[in-house]
1. Quick one: helix 198-210 against the long Cα principal axis of the chain, what's the angle to the nearest 10°, folded into 0 to 90?
2. Can you run phi through the Karplus equation (6.51, -1.76, 1.60; θ = phi - 60°) for the stretch 212-228 and list ³J(HN,Hα) in whole Hz, with x for Gly and Pro?
3. Note the full-extension length gain between residue 281 and residue 320 as 0.36 nm times their separation in residues minus their Cα-Cα distance, in nm to one decimal.
4. Take 181, 356, 114 and sort them by solvent-accessible surface of the protein heavy atoms, 1.4 Å probe, largest at the top.
5. Please list, ordered by chain and number, the residues whose modelled amide H lies under 5 Å from the amide H of residue 17; skip anything fewer than 5 residues away on the same chain.
6. Got a sec? What order do 425, 155 fall in by accessible area at 1.4 Å, biggest, i.e. largest, first?
7. Given a 1.4 Å probe and the protein chains all in place, what does the accessible area of residue 382 round to, in Å² to the nearest 10?
8. Size of the stretch 166-387 along its principal axes in angstrom, Cα-based, largest extent first?
Amino acid sequence: MTTQTLHGNANVPTPPQRIDVAIVGAGFGGMYAVYKFREMGLKIQGFEAGGDVGGVWYWNRYPGARVDLPSIDYSFSFSPEIEQEWTWSEQFAAQPELLRYINFVADRLDLRRHIQFNTRVTSAVWSEERQLWTVKTDRGAVYEATYCIMATGPLSIPKDPEIPGLERFKGRLLRAARWPHEPVRFEGLRVGVIGTGSTGIQIVQEVGKDAGELFVFQRTPSFTMPMRNEDLTPEYMAEVRRHYAGIRESARNSAVGGVRPQSTRAFFSVTPRQRQQLLEDAWKSGGLAMLGTFCDLMTNAEANEHVAQFVRGKIGEVVKDPVTAEQLKPRGYPIFARRPCLDSSYYETYNRPNVHLVDLLNDPIVEITEKGVRTQSGEVELDMLILATGYDGLTGALLAFDVVGRDGRTVNGKWQDGARSYLGLMMEGFPNLFMTTGPNGPAALANIIRISENDVDWIAAAMQHMQRQGLATIEPTAQAEQGWMDLVYTLSQRSLLLKAKTWYVGANVKDKPQGLTLFTGGFAKYREHCAAAAQDGYRNFTFQRPTLARPVPHTGQEAPAEAAVAG
Ligand code: NA7
């Protein structure tokens, strides 16, 4: 067999390189993993398919891309120095600023030298005999790693729509999640956007300003609320800097991993007039304030419908054309069961004469043609077509390459009826393989950076435990995994999240097993479960001692004590 070395030297087989930790992905989770495990003295290697750090924020450069959590929450908390050195300019940062922050962190901590960019991992295979993972990349490199960290992110495999003829389109086809690095001009062009989730909404309100004509192909309308973004003053940032420790502590102990107001008030515990006032106040204050107005909006369908009706009313007030307004009003699923979107002028955009809503529920797309999009009623000719059609969320990245665990078991096989894991962190049958923000954790329902930090810290503690005890492998028991899956399932049954066809439940990918593989108990509870799993000598895990005479990676801990090996 011939392989290509990293330096492009064809026909020279590359000898495997022995490392302690392979880290797949250089978004927030992967970056923190690189930093943390390096500081522990481990030999690490990161791999990233993109050309640089940033994950989702590296790829999603489309106009209007912006975080929908406050910037001060949506940032690393592990480095007080970085907190003090970085200044956010807006309450909800736009993608260029987020990417600047991510690059600042990478530079400041000198992370890039540990990461191979433009490199995809093609397989990770466990050797029971040698107690290590063999990790191969599309550049022909081979690594042997004691631990494998899948920091592959919940939204990294974009999904094209299943519409015939996509390849035929002769105009410019752009994907939101693979946006070009060069500026894109829309002036004078007839532009189409397919998809009206968070991404489509952000694109429409920007591109609508510049495009000659904009056609929005909407299948399911989303609820979107005013973001009411603001510039952050130097005084505000100075105040935040003084109180970062407290802000982080509150975030870690909240259900959403951020300092958003939460209420203990049930919807029907107050009078209709008070309810209306509270919703008006939340609408005015902006962001995700609506979600925090009452405590039962995700469990009480009737309460939820009242809030949905309130937002439909707002749509009717803004959008001048009554037919368009009706088409934009979401119906048939609970508000907040799809990701609640935040906008600055989405509904207003439809008052522009150059912007046209194509309601696919009444007039479905039949095919993409050379010239544009053909719906049942006719062809819309376009110069440019933008796909904002979502992702194979939560599981797509790990299923995209071969991950083979103990006894030749694959992740594909293990997940054929739906993603299984213990805490979203590990899987029975896959020793020494960890996930950050994995399925069955709270990813998508809480601040992804707080989850990533929690997960990497948990993994680090597990490694340190193993080093202290002289243990070579860790794996959750089948019983612990089943117990966690039962809890995830039981909690999910109470949630209205199940009532909408979204990527949360796998509804957007053909033949994907359906179900809510997210922990809906809140971030603070999730942290408690993670902490409990590390108690009592990690009793929900089995460990093995080294089968070969080789040292367990040193993690900066004291010398090994007597091991208590389960299983
Ligand atoms: P989403 O929220 O999954 O939205 C994808 C959109 O694309 C949604 O409106 C889909 O309509 C639409 N879509 C997908 N396929 C088609 C076809 N074939 N025809 C018409 N419309 C289609 O992805 P986003 O990128 O917007 O947001 C993902 C996450 O990023 C979000 O949850 C935040 O966490 C940030 P459908 O609903 O299937 O009718």
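1. Rounded to the nearest ten degrees, it is 50.
2. x, 9, 10, 10, 9, 8, 10, 8, 10, x, 9, 7, 10, 10, x, 6, 6
3. 11.7 nm
4. So the residues, ranked largest to smallest area, are 181, 356, 114.
5. 142, 143, 144
6. Correct descending sequence by accessible area is 155, 425.
7. Counting only protein heavy atoms, residue 382 exposes about 10 Å² to solvent.
8. Per principal axis, max minus min of the Cα coordinates gives 55, 41, 27 Å.
The values are calculated or read from the model by the stated rules, or taken from the named source; none is laboratory data. Note that the structure is a prediction, hence the values are computed from the model and not measured. Positions of Cβ are generated from backbone atoms using ideal geometry, with glycine treated the same way; all protein chains shown enter the neighbour counts. Heads up: the accessible areas ignore ligands, DNA and RNA and are worked out on the full protein's heavy atoms, side chains in. Shrake-Rupley method; radii C 1.70, N 1.55, O 1.52, S 1.80 Å.
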